[in-house]
Amino acid sequence: MSSDSSSSTSGDDPKSGQDSPKPLEHQFASVALSEAPGTVGGFEQRVDNNFEVDEVGQSVEHGVMWRRTNSELEVDGQSSPSSSGYAGERGSTGASSAASGIDGIVEDGIQQARNDDSVDGSSDLSSSWVPGKRHLDEDDASISWRKRKKHFFILSNSGKPIYSRYGDEHKLAGFSATLQAIISFVENGGDHIKSVRAGKHQVIFLVKGPIYLVCISCTEEPYESFRGQLELIYGQMILILTKSVNRCFEKNPKFDMTPLLGGTDVIFSSLIHSFSWNPATFLHAYTCLPLAYATRQAASAILQDVADSGVLFAILMCKHKVISLVGAQKASLHPDDMLLLANFVMSSESFRTSESFSPICLPRYNPMAFLYAYVHYFDVDTYLILLTTSSDAFYHLKDCRIRIEVVLLKSNVLSEVQRSMLDGGMHVEDLPIDPLPRYGSLSSHLGQPTDSPEGFREFTGIGGPAGLWHFMYRSIFLDQYVSSDFSPPINNPRQQKRLYRAYHKLYASMHATGVGPYKTQFRRDENYVLLCWATPDFELYVAFDPLAEKALAIKTCNRISQWVKDVENEIFLLGASPFSW
């Protein structure tokens with residue numbers, strides 16, 4: 001059953017970056033809410049004043065479209081491939097046969113999954129997910145394997161399988177060889193394959209020298225999201241091996257990399273699972289644990305002392321949230337490196353049982369060289385990472401850890417971290433009514449007394465004011481984001497995953513090349529009202545009740561931005577220089 005959907009957008013003004021952001025009401029003043037003409041290929045259309053942009057490009061029921069984009073090739077494969085090969089380019093019956101092979105993989109090898117998320121194997125979010133490789137008994141002949149909604153593969157340019165999300169990669173050698181043949185065929189024609197659409201499935205390709213990464217999915221996420229996920233998987237592999245592994249393939253094209261990655265399946269599986277629940281995977285920003293300003297400063301001070309003694313980076317974290325981060329002078333750490341490093345530490349059980357010293361590579365910092373990470377867990381969730389360039393610095397870093405631990409205990413930082421974990425972060429029900437007085441504070445969640453929030457609520461539905469359900473705020477200068485805790489009715493893993501995928505689409509749409517970037521977007525469908533507001537300083541993504549009024553939603557966004565500004569000392573790590581990109 002299709003649902004009505006509506007969206008409105010506002011384009012960028014070239015001079016907008018010079019002025020402070022106007023209230024959101026003013027930016028929407030000239031934008032009329034319009035009904036979208038419908039859906040194309042299962043995706044919502046985006047309406048920008050007088051023109052329409054289809055988020056998935058062209059939607060073709062039959063035929064294969066090969067189109068060039070910036071000297072790369074995009075492939076839209078359907079059930080009846082065109083015999084002409086390249087549209088608008090040289091004809092090739094071989095291109096048709098390659099597209100037919102793609103159709104065979106998708107239609108015969110991976111059947112359409114049911115709407116039941118249990119088939120996917122990833123419906124549970126981080127709280128209940130059990131790490132580890134799954135369904136090792138499956139291969140491409142298994143019905144259950146074909147019904148998986150989202151597959152990831154890593155293979156070499158010789159077609160040798162390296163990793164598969166589901167099943168035993170060694171049993172998928174024939175399937176991997178087919179994927180390699182498709183990539184090689186297109187490259188032999190002087191082009192680069194980017195994506196294929198076959199029915200409801202998308203096949204996304206990422207070629208990194210001798211390493212090929214492929215995603216096959218029917219989850220209807222945008223191409224940009226899939227490509228970003230493949231980039232992160234590649235980055236996770238580089239973190240373990242460094243980019244110098246390419247030299248092994250130069251010496252021996254049939255080089256088998258799986259022994260080097262032995263025991264790392266859980267790391268890749270954990271990263272792939274985070275695509276469904278961790279906004280950092282597409283926002284390219286990190287989040288901090290809410291803490292009182294004085295508490296965070298106490299942690300930062302001792303980490304700074306350590307950094308001055310020869311440590312490249314000192315990072316104190318609680319699960320995937322940063323407590324404090326300090327780098328040596330002129331050293332900068334990309335948020336994606338932090339994401340991959342935290343995933344590497346949290347998904348490796350050996351780090352939890354004893355202090356560890358391990359070589360790692362930060363792909364954004366230097367993909368060709370190893371750093372050395374000293375890791376120590378203070379408790380089940382809180383851990384310290386000290387990074388150095390010296391391979392014999394273990395005992396020095398151990399002494400640094402002892403100094404840090406003494407200070408953290410004396411200043412009660414670790415106990416405050418535990419309290420923050422129990423209390424949670426920002427709640428939409430606590431949004432202040434009036435954004436001008438500085439009511440907004442996380443003090444109530446940090447163990448400090450405050451007035452009852454009941455006086456600050458204006459319920460028009462379930463959730464927060466104006467039917468507010470959830471929001472994410474990304475600080476562009478800090479490369480940090482804050483996300484509200486989930487509240488009813490978004491209170492089960494399936495609904496939360498659906499919302500994050502909606503955010504994925506909205507983020508990709510806001511940053512789409514050729515048609516954006518946009519300042520604002522407003523969308524309404526049967527599940528949510530989604531509103532995005534982008535300024536030179538921040539991006540705000542907000543979800544409301546689908547019956548929420550547009551005017552109230554806009555006012556609520558202004559209140560959220562003011563609230564975040566009021567409590568920024570408690571939710572952001574301030575004072576650090578912005579990270580390099």
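Data for the structure
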read-out: Members of the range 363-387 that are at pLDDT below 95 and β-branched (Val, Ile, Thr); value: Val380
read-out: Some residue of the range 335-347 being within 27 Å of Ile267 (Cβ to Cβ), surrounded by fewer than 20 Cβ atoms within 10 Å (Cβ to Cβ) and assigned by TED's automatic domain parsing to the domain that holds Ile402; value: no
read-out: Extreme residue, surrounded by the fewest Cβ atoms within 10 Å (Cβ to Cβ), among residues of the range 367-406 that are part of a loop (DSSP other than H, G, I, E, B) and within 27 Å of the chain's Cα centre (by Cα); value: Val380
read-out: So Asp305, is it among the acidic types (Asp, Glu) and touching a helix residue (DSSP H, G or I) at 6+ places or on another chain (Cβ under 8 Å); value: yes
read-out: Pairs, first outside any loop (DSSP other than H, G, I, E, B) in the range 243-264, second basic (Lys, Arg), C-beta under 9 Å, six or more apart; value: Asn246/Lys208; Thr258/Lys160
read-out: Test for Arg148: is it touching a strand residue (DSSP E or B) at 6+ places or on another chain (Cβ under 8 Å), closer than 21 Å to Tyr500 by Cα and assigned to a helix (DSSP H, G or I); value: no
read-out: Any hit, the range 316-338, residues being under 22 Å from Asp379 (Cβ atoms) and part of a loop (DSSP other than H, G, I, E, B); value: yes
read-out: Within the range 198-253, tally of residues that are of a type in the set (Gly, Ala, Ser), crowded, with 23+ Cβ neighbours inside 10 Å and closer than 17 Å to His504 by Cβ; value: 0
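The values are calculated or read from the model by the stated rules, or taken from the named source; none is laboratory data. This one's a predicted model, so the numbers in the text were calculated from it and none came from an experiment. Glycine also receives a Cβ, built like all others from the backbone with ideal geometry; neighbour counts cover every protein chain displayed.
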